[in-house]
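Have a look at the structure below before the remarks.
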Amino acid sequence: MRKQAYDYLETNDRQLNEKYKLFKKGQTVVDLGYAPGSWSQVAHDRTSPNGRVIGIDILPVQPPKGVSTIQGNFLSPLVQQQVRDYVRNGDSGRSYPATEKLMTTAENEENGTKHMTEEDLITVEKSILEPEMAQEQEDKVVDVVLSDMSAPWDQTTGFWKRSLSDPYRRMMNTSGVNFRDHIGSMELCEAALDFAYETLKPGGSFVCKFFQGAEDKAFEKKLKALFAKVHREKPESSRSESRENFFVALRRKDGVSKGTVFTAV
Ligand SMILES: C[S@@+](CC[C@H](N)C(=O)[O-])C[C@H]1O[C@@H](n2cnc3c(N)ncnc32)[C@H](O)[C@@H]1O
């Protein structure tokens, strides 16, 4: 049973990768809900050498060799910020270029010594917007965001083991209530897309698992606003009666505002 489940996970990722050629050497990949680590393992193999794979999971699990991990609930904004800081490769605070020119012009204006010309206003606007835009560009360091997150089983047995290497049986939880599974999976997809919006390079890819239902069309529209190509996939290895599906979104567009993506209808 356990071996079958591992095969299932591994083949999902291999099939998607073979079809869409998701990974290239040297890329940075973020794997949301990485445990026990089959996708991360494939991503690591395909992006080596010089690639970076960062896995996030709510469970404490020993990651595959060469994969960096952060343990936490990805629905928490604090955890999301921690992951963003980590992928940007330095968790020191943001540094904005000095805006001395702006201060001087504005102060002068206040003292009545100088009226702002249109040119001054453009300079002021640039001094505010350019650092923000530059920072946004700097944050976009990720080539592929994967999300296979689905709620883990509550642990009811096995506490005595204190084992990081045997977490598997908690990982394929569905409640059996389709609507509940669907809504839970869409919430995780939204969090993953928000993260992808902030961190994916133009041209980057996004893969996320979801359980089919009423809300998935609205989510697909958001993906279409941000990516040039969006596919729905049910890998052959996924059981046919299961409502589990994947979105594969390719080629992140440049210059699309967050409002455009998240209000797309
Ligand atoms: C189906 S498993 C992932 C399997 C993995 N892709 C692999 O190839 O080995 C789903 C994982 O999502 C994780 N998960 C679910 N909700 C999460 C959340 N809110 N934050 C972080 N991880 C979460 C679970 O703990 C579980 O390990």
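The values are calculated or read from the model by the stated rules, or taken from the named source; none is laboratory data. Predicted model, so just to flag it, every value in this text is computed and none were measured. With ideal geometry, Cβ positions are generated from the backbone for all residues, glycine too; neighbour counts draw on all protein chains shown. Only protein heavy atoms, including side chains, enter the accessible area calculation; ligands, DNA and RNA are left aside. Shrake-Rupley method; radii C 1.70, N 1.55, O 1.52, S 1.80 Å.
Within the range 50-67, can you find the residues that are outside any loop (DSSP other than H, G, I, E, B) and charged (D, E, K, R)?
Arg52, Asp57 - these are the residues of the range 50-67 that are outside any loop (DSSP other than H, G, I, E, B) and charged (D, E, K, R).
May I ask you to list pairs of residues, at least six apart or on different chains, whose Cβ atoms are under 7 Å apart, with the first in the range 244-265 being of a type in the set (Val, Ile, Thr) and the second being part of a strand (DSSP E or B)?
Val248/Val207; Val248/His231; Val248/Glu233
Looking at this structure, is Leu223 away from the ligand (no atom under 16 Å from the Cβ), closer than 17 Å to Asp148 by Cβ and either polar (S, T, N, Q) or at pLDDT 95 or above (or both)?
Answer is yes for this residue.
Out of all the residues in the range 39-66, which are under 16 Å from Leu22 (Cβ atoms) and among the β-branched types (Val, Ile, Thr)?
Val42, Thr47, Val53, Ile54
Can you pull out the residues in the range 1-22 that are away from the ligand (no atom under 14 Å from the Cβ) and either among the polar types (S, T, N, Q) or at pLDDT 55 or above (or both)?
Correct list: Glu18, Lys19, Tyr20, Lys21.
Sort out which residues of the range 224-235 are of a type outside the set (Gly, Ala, Ser), in contact with a helix residue (DSSP H, G or I) (Cβ under 7 Å, 6 or more places away or on another chain) and in contact (Cβ under 8 Å) with a residue 24 or more places away in the chain, and write them in order of number.
Answer for the range 224-235, where residues must be of a type outside the set (Gly, Ala, Ser), in contact with a helix residue (DSSP H, G or I) (Cβ under 7 Å, 6 or more places away or on another chain) and in contact (Cβ under 8 Å) with a residue 24 or more places away in the chain: Leu226, Glu233, Pro235.
For the range 192-207, name all the residues that are more than 20 Å from Val83 (Cβ to Cβ) and buried (at least 22 other Cβ atoms within 10 Å of the Cβ).
Selection gives nothing.
For the range 214-265: of the residues being open to solvent by 90 Å² or more (accessible area, probe 1.4 Å) and of a type in the set (S, T, N, Q), which is nearest to the chain's Cα centre (by Cα)?
Going through the qualifying residues, I end up with Thr263.
Return only the number of the condition from (1) open to solvent by 10 Å² or more (accessible area, probe 1.4 Å); (2) part of a strand (DSSP E or B) that Phe210 does not satisfy.
Here Phe210 clears every test but (1).
Within the group Gln80, Gln27, which residue is closer than 29 Å to Ser127 by Cα and modelled with pLDDT of 90 or more?
Gln80
Can you name every residue in the range 35-49 that is in a loop (DSSP other than H, G, I, E, B), within 10 Å of the ligand (Cβ to nearest atom) and open to solvent by 10 Å² or more (accessible area, probe 1.4 Å)?
Hits for the range 35-49 are Ala35, Pro36.
List the residue pairs whose Cβ atoms are under 8 Å apart, where the first residue sits in the range 50-71 and is open to solvent by less than 40 Å² (accessible area, probe 1.4 Å) and within 9 Å of the ligand (Cβ to nearest atom), the second is in a strand (DSSP E or B) and among the charged types (D, E, K, R), and the two are 6 or more positions apart or on different chains.
Note: pairs meeting the criteria are Gly55/Asp31; Ile56/Asp31.
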